[in-house]
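This report concerns only the one structure given below.
The values are calculated or read from the model by the stated rules, or taken from the named source; none is laboratory data. In this text the structure is predicted, and so the values were computed from the model without any measurement. FYI the Cβ positions are ideal-geometry reconstructions off the backbone, even for glycines, and counts take in every protein chain you see.
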């Protein structure tokens, strides 16, 4: 979203949005289908993030939205819609190639206060109609209302446990069970735990690694975040201004470790989740754990799988690879390139990890060959930030930016991302031309929508160029198409042209499995069938399948994704679980 030069004066923008919101509030209160319909363009979209009813979906089309708003608005008594000038003064913007008036509003429901964003299109008659609307419950206001009460006592009990002793006892769960067990201690799992604690529920995070942050710390040496720091802040404790634009993995790992301590998250390291069974009568899980070699059983009401969309290595079946007698390892086990100096290495894959590993190996003096298995999107790292422009530059606080960003429904996101992809292709044209000349196969996502939707559908298939593409174009990193490999031989590969390429090491940079791949193993066939697919877009709701919302299995939840997704959506998990425990919401979706 970009402010437009020569935009209408602030008073005019305010008047436009105030007139629309007043008419919208009146039409909803009067249950007027005609009144609501007159306020929406034909191709309008409403994204409901649990704001008006406990439903996570995008509704598209004037008639559909009117029917859903009337039904769901009456269900929760949605009313008192008003523009929130403090969160964002109404402004002129461009979204998906359209000039809109963009504003944030608040409202009331039986479930608590809410907020949302609206994007209005000016009409020839001088009025405006909504193109997109989003609605969410206001987590902060709900938590702040509950926090009211007597101030903390200043009287100290010197005979009782001190803060550290109390924290250690609380986190041991010796005489109680957590309300929520979170499996996976990355940024997504930690974010959910913080929000659950804030709303008044107990949450325990478990992770198999030795140390908090090891899921970042133990990855390959050159890894950094590939989008800029302003996009990636954690809730309540933003990164310091001294942090670099692209944060290195070890800095991220150390920050997560500090964040867990500061936010008082209960966290067990060296703890393996062995599986769980659900008891319908008690509405609790029996979760089997192995902690530091000892068996432990917990009976939480809810389990959140926060193993991410990039948590478990995906190792494909490559026909004939057993003929290779050198070392074969997945990219998750690759640590550094120095030991391979002067030796031939082949890296299978063309995503971000594959490129980074090739670049590190080449810098260390290895003879590197990249094996391309499928076309891949390449975008220089700076133009790649155009997809995240909501968060970059001067503007409103991050809370308001999150409202705007999460308020973009999928159909509009596709329009916007296609325009950005066209722009970055032009900016990167010299490099892309050189890559194609070197034999690299390129593609740009479904309908040219770029990398963000590739991430949301398959979790990869793109590379933010930080130098490896130039090395490929200059043949400093060699390139072989997988289709050109005739056979795998003891010391490398035999190509269809009769030549042989030698290798001492194969690195399989072939990505990671989806969050649902362990369902059968951990919960059994019945649960796996009941839940179905996780991640990728659902055709009915236009939202990610079974993510951040109730699943068909009571008490089982999935979270994951980028830092910004964890920051935005983790509070919706907390809101739903809180409503379930209060008896306001059914346990399964």
Within the stretch 46-60, identify whether any single residue is farther than 22 Å from residue 406 by Cβ and touching a strand residue (DSSP E or B) at 6+ places or on another chain (Cβ under 7 Å), and answer yes or no. no
I need a count of the residues in the stretch 318-338 that are under 34 Å from the mean Cα position of the chain (by Cα) and assigned to a loop (DSSP other than H, G, I, E, B). 6
Can you name every one of the strands (runs of 3 or more DSSP E) wholly within the stretch 224-295 that holds 3 or more residues which are modelled with pLDDT under 95 and in the same structural domain as residue 205 (by TED's automatic domain parsing)? none
Consider residue 485 against the criteria (1) within 27 Å of the chain's Cα centre (by Cα); (2) at pLDDT 95 or above: it satisfies all of them except one. Which criterion is unmet? (1)
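Do you know which of the residues in the stretch 133-158 that are touching a strand residue (DSSP E or B) at 6+ places or on another chain (Cβ under 7 Å) and without any contact (Cβ under 8 Å) to a residue 60 or more places away in the chain is nearest to residue 117 (Cα to Cα)?
138
When the residues of the stretch 499-534 are narrowed to those that are free of Cβ contacts under 8 Å to residues at least 40 places away in the same chain and in a loop (DSSP other than H, G, I, E, B), which ends up farthest from residue 482 (Cα to Cα)?
Per the criteria, the residue is 532.
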Selection over the stretch 529-565 where residues are surrounded by fewer than 17 Cβ atoms within 10 Å (Cβ to Cβ) and over 23 Å from residue 64 (Cβ atoms) yields a count of 5
For the stretch 339-359 the number of residues that are touching a helix residue (DSSP H, G or I) at 6+ places or on another chain (Cβ under 9 Å) and not in a loop (DSSP other than H, G, I, E, B) is 11
Starting from residues that are out of contact with any strand residue (DSSP E or B) (no Cβ under 7 Å at 6 or more places or on another chain) and buried (at least 16 other Cβ atoms within 10 Å of the Cβ), keep the ones in the stretch 485-516 and report whichever is farthest from residue 368 (Cα to Cα). 516
Of all residues in the stretch 76-123 being surrounded by fewer than 18 Cβ atoms within 10 Å (Cβ to Cβ) and outside any strand (DSSP E or B), the one that is farthest from the chain's Cα centre (by Cα): 123
Residues satisfying the stated conditions in the stretch 473-484, i.e. surrounded by fewer than 20 Cβ atoms within 10 Å (Cβ to Cβ) and either assigned to a helix (DSSP H, G or I) or on the phi > 0 side of the Ramachandran plot (or both): 475, 482, 483, 484
Can you find, within the stretch 50-69, the residue that is surrounded by the fewest Cβ atoms within 10 Å (Cβ to Cβ) among those that are under 22 Å from residue 586 (Cα atoms) and touching a residue at least 40 places away in the same chain (Cβ under 8 Å)? 57
Only residues that are touching a strand residue (DSSP E or B) at 6+ places or on another chain (Cβ under 9 Å) and under 17 Å from residue 249 (Cα atoms): list them for the stretch 189-215, please. 190, 212
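Matching residues to (1) closer than 22 Å to residue 164 by Cα; (2) without any contact (Cβ under 8 Å) to a residue 24 or more places away in the chain:
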| site | (1), (2) |
| --- | --- |
| 263 | yes, no |
| 267 | yes, no |
| 270 | yes, no |
| 273 | no, no |
| 281 | no, yes |
| 290 | no, yes |
| 293 | no, yes |
